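Shown next, in structure tokens, is the structure this report addresses.
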Amino acid sequence: MCGRFTLNATPEQIAETFGLSIRPEWSPRYNIAPTQLIPIVRVTTANAAREWQMVHWGLLPSWSRDRTRAASLINARSETVAEKPSFREAFRHRRCLIPASGFYEWETIDKKTKQPYLIARGEQSLFAFAGLWERWISPEQEVVETCTILTTAADEAIKHLHERMPIIMEPEHYEEWLDPQLESMARAEELLRPTQPAEWKWRQVSTAVNNARTEGPICLEPPRDQLFQ
DNA sequence: CCAGACGTTGTT
DNA sequence: GTCTGG
DNA sequence: CCAGACGTTGTT
DNA sequence: GTCTGG
């Protein structure tokens with residue numbers, strides 16, 4: 001799955017990589033947790049420019065009564081996303097890219113012990129998760145936008161760490177994935193099946209780092225020895 | 001018909 | 001909002 | 001995903 | 001042990 005991730009990139013890098021004319025407001029972060037605000041890249045209407053938007057991580061279906069269960073929808077299985085009531089409308093009309101520079105997976109050592117790993121691309125230090133976004137109107141008419149990260153079976157290279165992983169959307173597929181006019185859902189599902197396994201690098205990280213409280217100074221500076229070279 | 005769920009992961 | 005279970 | 005709470009009453 | 005909030 002993908003329950004924490006990093007986005008150690010500047011607004012300039014994000015804008016450059018995803019073809020945004022307006023730079024997102026962002027400071028590099030290495031421990032992004034569910035419910036927090038993150039930048040997504042999307043196209044909201046036909047022929048509109050790509051835009052970024054800060055949305056909460058954890059999708060709230062438009063018919064939700066309250067926002068209490070958003071944090072449980074931080075991931076959506078790509079195998080079933082087209083049919084699930086919570087995701088299918090977003091899959092049809094509200095696909096997005098979620099910029100990331102790495103993600104964490106926890107290897108289960110035994111019942112009580114988990115070892116976190118930081119996983120990143122071998123090349124392409126800034127990449128994108130395939131995601132969906134949604135818009136929820138609260139009883140008080142407050143607009144709340146949220147997103148979820150699509151998952152799939154783990155690649156050969158990292159499945160010894162964990163069974164599932166987020167889907168990485170390759171740059172050559174950004175445009176089609178984001179197209180709100182894309183009529184063929186079969187095509188959308190095809191975009192979720194990579195033709196080539198990606199190159200990965202990973203390293204153990206300390207529990208202390210990953211347990212760092214996410215409130216307070218929300219932009220934690222990554223310790224030098226926690227980064228890839 | 002109404003009431004209640006609608007999700008993922010991991011673990012048993 | 002829409003589907004499932006009773 | 002992890003961390004932290006997990007309860008009531010009345011009073012400030 | 002399980003749920004909620006970040």
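Taken across region A:17-26, residues that are away from DNA strand C (no atom under 16 Å from the Cβ), assigned to a strand (DSSP E or B) and of a type in the set (Phe, Trp, Tyr) do not occur at all. Given the structure, is A:CYS2 assigned to a loop (DSSP other than H, G, I, E, B), touching a Phe, Trp or Tyr at 6+ places or on another chain (Cβ under 9 Å) and on the phi < 0 side of the Ramachandran plot? In short, yes.
Name the residue, out of A:ASN31, A:ASN47, that is over 17 Å from A:ALA130 (Cα atoms), of a type in the set (S, T, N, Q) and in a strand (DSSP E or B).
On the way: A:ASN47 fails: in a strand (DSSP E or B).
A:ASN31 is the lone residue from the list that is over 17 Å from A:ALA130 (Cα atoms), of a type in the set (S, T, N, Q) and in a strand (DSSP E or B).
Evaluate the following for A:ILE22: is it surrounded by fewer than 21 Cβ atoms within 10 Å (Cβ to Cβ) and more than 16 Å from DNA strand B (Cβ to nearest atom)? Yes, satisfied.
Yes/no matrix, rows are residues, columns are (1) within 16 Å of DNA strand D (Cβ to nearest atom); (2) closer than 16 Å to A:LEU97 by Cβ; (3) touching a His at 6+ places or on another chain (Cβ under 7 Å); (4) at pLDDT 95 or above:
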{"position": "A:ILE149", "(1), (2), (3), (4)": "yes, yes, no, yes"}
{"position": "A:ASP155", "(1), (2), (3), (4)": "no, no, no, no"}
{"position": "A:PRO166", "(1), (2), (3), (4)": "yes, yes, no, yes"}
{"position": "A:ARG213", "(1), (2), (3), (4)": "yes, no, no, no"}
{"position": "A:ARG224", "(1), (2), (3), (4)": "no, no, no, no"}
{"position": "A:LEU227", "(1), (2), (3), (4)": "no, no, no, no"}
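The residue pairs whose first member lies in region A:25-38 and is free of Cβ contacts under 8 Å to residues at least 40 places away in the same chain, whose second member is within 16 Å of DNA strand B (Cβ to nearest atom) and among the aliphatic types (A, V, I, L, M), and whose beta carbons are closer than 7 Å, counting only pairs six or more residues apart or on different chains, are A:THR35/A:ALA70; A:THR35/A:ALA71.
A quick yes/no check of all residues on (1) under 22 Å from A:GLN124 (Cβ atoms); (2) away from DNA strand E (no atom under 16 Å from the Cβ); (3) of a type in the set (S, T, N, Q):
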site: A:PRO24; (1), (2), (3): yes, yes, no
site: A:ASN31; (1), (2), (3): yes, no, yes
site: A:PRO34; (1), (2), (3): no, no, no
site: A:VAL55; (1), (2), (3): no, no, no
site: A:ARG69; (1), (2), (3): no, no, no
site: A:LEU73; (1), (2), (3): no, no, no
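In region A:83-96, the residues that are at pLDDT 95 or above and in a helix (DSSP H, G or I) form Cβ pairs under 6 Å with partners that are within 14 Å of DNA strand C (Cβ to nearest atom) and of a type in the set (Gly, Ala, Ser), at six or more places apart or across chains, as follows: A:ARG88/A:ALA82; A:PHE91/A:ALA82. Checked against (1) more than 26 Å from A:VAL205 (Cα to Cα); (2) in contact with a strand residue (DSSP E or B) (Cβ under 9 Å, 6 or more places away or on another chain); (3) assigned to a loop (DSSP other than H, G, I, E, B), A:MET54 passes all but condition (3). Listed by position, the strands (runs of 3 or more DSSP E) inside region A:112-163 whose residues that are β-branched (Val, Ile, Thr) number at least 2 are A:113-121, A:143-153.
Applying the condition of being within 20 Å of A:GLU142 (Cβ to Cβ) and among the aromatic types (Phe, Trp, Tyr) to region A:39-90 and asking which residue is farthest from DNA strand B (Cβ to nearest atom) yields A:TRP57. Pairing residues of region A:39-65 that are in contact (Cβ under 8 Å) with a residue 40 or more places away in the chain and more than 25 Å from A:PHE5 (Cβ to Cβ) with residues that are within 16 Å of DNA strand C (Cβ to nearest atom) and not in a strand (DSSP E or B), at Cβ distances under 7 Å and at least 6 apart in sequence or on separate chains, gives no pairs at all.
The values are calculated or read from the model by the stated rules, or taken from the named source; none is laboratory data. In this text, all values refer to a predicted model and were calculated from it rather than measured experimentally. Cβ coordinates were reconstructed from backbone atoms using ideal geometry, including for glycine residues, and neighbour counts include every protein chain displayed.
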